[in-house]
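Each remark here refers to the structure printed beneath this line.
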Amino acid sequence: MTITDIARLAGVSPGAVSFALNGRPGVSEQTRKRILTIAEEHQWLPSSAARALGGAGAGVIGFAVNRSAGTLGAEAFFTDLIAGVQSALAKNRIAMQMVLVSSIEEEVATYRRWHSANQVDGVIVIDPRDDDPRFPVLRDLALPAVVLGSHASEEGHPATIWLDDSQVAHSLFDYLSALGHRSIAYVAGPAEFQHTRLRTEVLAGLERGVSGEVIATDFSPAAASMTMRRLLSRRERPTAVVFDNDVMAIAGLRVAQEMGLSVPVDLSIASFDDSVVAGLVHPSITCITRDTFGLGAAAAAFLLEQIDAPDVLADRIGAMPQLTVRESTAVPR
């Protein structure tokens, strides 16, 4: 059913139908009601592509995620984040178009394609990097964006909802240090991510006598397992291992058990992400707990505001994550 079809059934011009459907003056109230009734009877819905070409918004926001499908499906962080985004968009009858990309170059190409085809009104951006190549592209395209970041944005960058990742890292690494751990390994995601750098800096800056080692991975449980076996096969093992997410931490726990180590007696394990499963495994895993659902909802609402704003909005600070101590950490032998 198109506007032309409705016009034919109502005996009016397509222009009159457009006025009626968009609540604009130019048609009588009786004609407007007749047009709206026909549109409802035939379950007419506006075409987002046609609206975009006509200068109206597409009614869609974009989310390009640089993860493999397997990794994305396993991470509770993304499940909660996407659910939060959708909860805020649904209130405004806005859709989300999400695509998986394999590189930052492919992500940039996706933004260019979305913009040229008027497919999205704005985008949510994750995993910011230092000197991030995505930001100048978004600025040049004038494509509204909100970044989920680890610190406040710099001049010329998109609006950011940020969590102080340095403070988050201190809460976890300082706790392990206070327990008496002097050899701590951090199994991280990609080294170029800002949060990886900030957490690495905190680990390197712990009190004297604490040695820290950082191993970058692709966030996958397979990489976490391989790294854990290598760490635990050494003569001098770390006494604590911290993982970037809950799935990696659970994979690491399985390797420790497979190699005959008792957690937390022989080894402490912790994670920078929490989940229901992390609290159900035995031993339950000490984690940084954050309101990821709330973060997604806040990011979506912020982006909708940014889309309607003439200038880049001021940054906002997200809810501060908290350390949840469970059974997987203890004083080392």
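For the range 165-289, the dipole from Cβ point charges (+1 on Lys and Arg, -1 on Asp and Glu) about the Cα centre works out to 480 debye, to the nearest 20.
Would you mind telling me which residue in Arg24, Arg112, Arg229 has the biggest mean-square fluctuation in a Gaussian network model of the chain, where springs connect alpha carbons within a distance under 10 angstrom? Per the Cα network of the chain with a 10 Å cutoff, Arg24 tops the list.
Look at the alpha carbon pairs under 8 Å that are at least 6 residues apart: their mean separation over the length of the range 3-44 gives a relative contact order of 36 percent. Each residue of the range 233-247 was assigned a 3J(HN,Hα) from its phi angle through the Karplus curve 6.51 cos²θ - 1.76 cosθ + 1.60 (θ = phi - 60°); the sequence is 8, 6, 5, 9, 8, x, 8, 9, 10, 10, 10, 6, 8, 5, 5 Hz, with glycine and proline shown as x.
Below 12 angstrom from the Cβ of Asp140, what's the summed charge of the other residues (Lys, Arg +1; Asp, Glu -1)? Result for the local shell: +3.
Per-residue accessible area (protein heavy atoms, 1.4 Å probe) orders Ser116, Ser150, Ser166 as Ser116, Ser166, Ser150, starting from the largest.
Using just its DSSP H runs of length 4 or more, each adding -39500 (n - 2.57), the chain gives a mean residue ellipticity at 222 nm of -13500 deg cm²/dmol after division by all residues. Across the chain, Cα-Cα pairs more than 28 Å apart make up 50 percent of the total. Projecting the Cα atoms of Leu179, Asn245, Val265 onto the charge dipole of the range 165-289 (Cβ charges, centred on the Cα centre) puts Val265 farthest toward the positive pole. Placing +1 on the Cβ of every Lys and Arg and -1 on the Cβ of every Asp and Glu, with no other charges, gives the range 3-44 a dipole of roughly 140 debye about its Cα centre. The dipole here belongs to the chain: it is taken about the Cα centre, uses +1 on the Cβ of Lys and Arg and -1 on the Cβ of Asp and Glu, and is about 660 debye. So in the chain, what percent of DSSP beta bridges are antiparallel if you round to the nearest 5? Once the DSSP bridges in the chain are tallied, antiparallel ones form about 10 percent. Is the C-alpha gyration tensor of the range 3-44 telling us rounded, prolate or oblate? Criteria: a/c under 1.5 is rounded; beyond that, a/b larger than b/c is prolate, otherwise oblate. Verdict is prolate for the range 3-44. Here's the picture: charge each Lys and Arg Cβ at +1 and each Asp and Glu Cβ at -1 in the range 3-44, and of Val12, Val27, Ile38 the one pushed furthest to the positive end of that dipole is Val27.
Please report the accessible area of Leu138 (heavy atoms, 1.4 Å probe, ligands and nucleic acids excluded) in Å², nearest 10. Here the accessible area works out near 0 Å². Derived scalar couplings between HN and Hα for the range 188-200 equal 9, x, x, 5, 7, 6, 4, 5, 5, 4, 5, 5, 5 Hz in order, rounded to whole Hz, by the Karplus curve 6.51 cos²θ - 1.76 cosθ + 1.60 (θ = phi - 60°), x for Gly and Pro. Relative to the longest principal axis of the Cα atoms of the chain, the long axis of helix 292-308 lies at roughly 40 degrees. Annotation: Asp291 carries an accessible surface of approximately 100 Å², with a 1.4 Å probe and no ligand, DNA or RNA atoms counted. Here the 3J(HN,Hα) profile of the range 121-137, calculated from phi with Karplus coefficients 6.51, -1.76 and 1.60 at θ = phi - 60°, is 8, x, 9, 9, 10, 10, 6, x, 10, 5, 6, 5, x, 6, 5, x, 5 Hz, Gly and Pro shown as x. Sorting Asp130, Asp5 on solvent-accessible area from highest to lowest, probe radius 1.4 Å, gives Asp130, Asp5.
The values are calculated or read from the model by the stated rules, or taken from the named source; none is laboratory data. Keep in mind that this is a model prediction, so the values were computed, not measured. Methodologically, a virtual Cβ is constructed for each residue, glycine included, from the backbone with ideal geometry; neighbour enumeration extends over all protein chains shown. Accessible surface areas use protein heavy atoms only, side chains included; no ligands, DNA or RNA. Shrake-Rupley method; radii C 1.70, N 1.55, O 1.52, S 1.80 Å.
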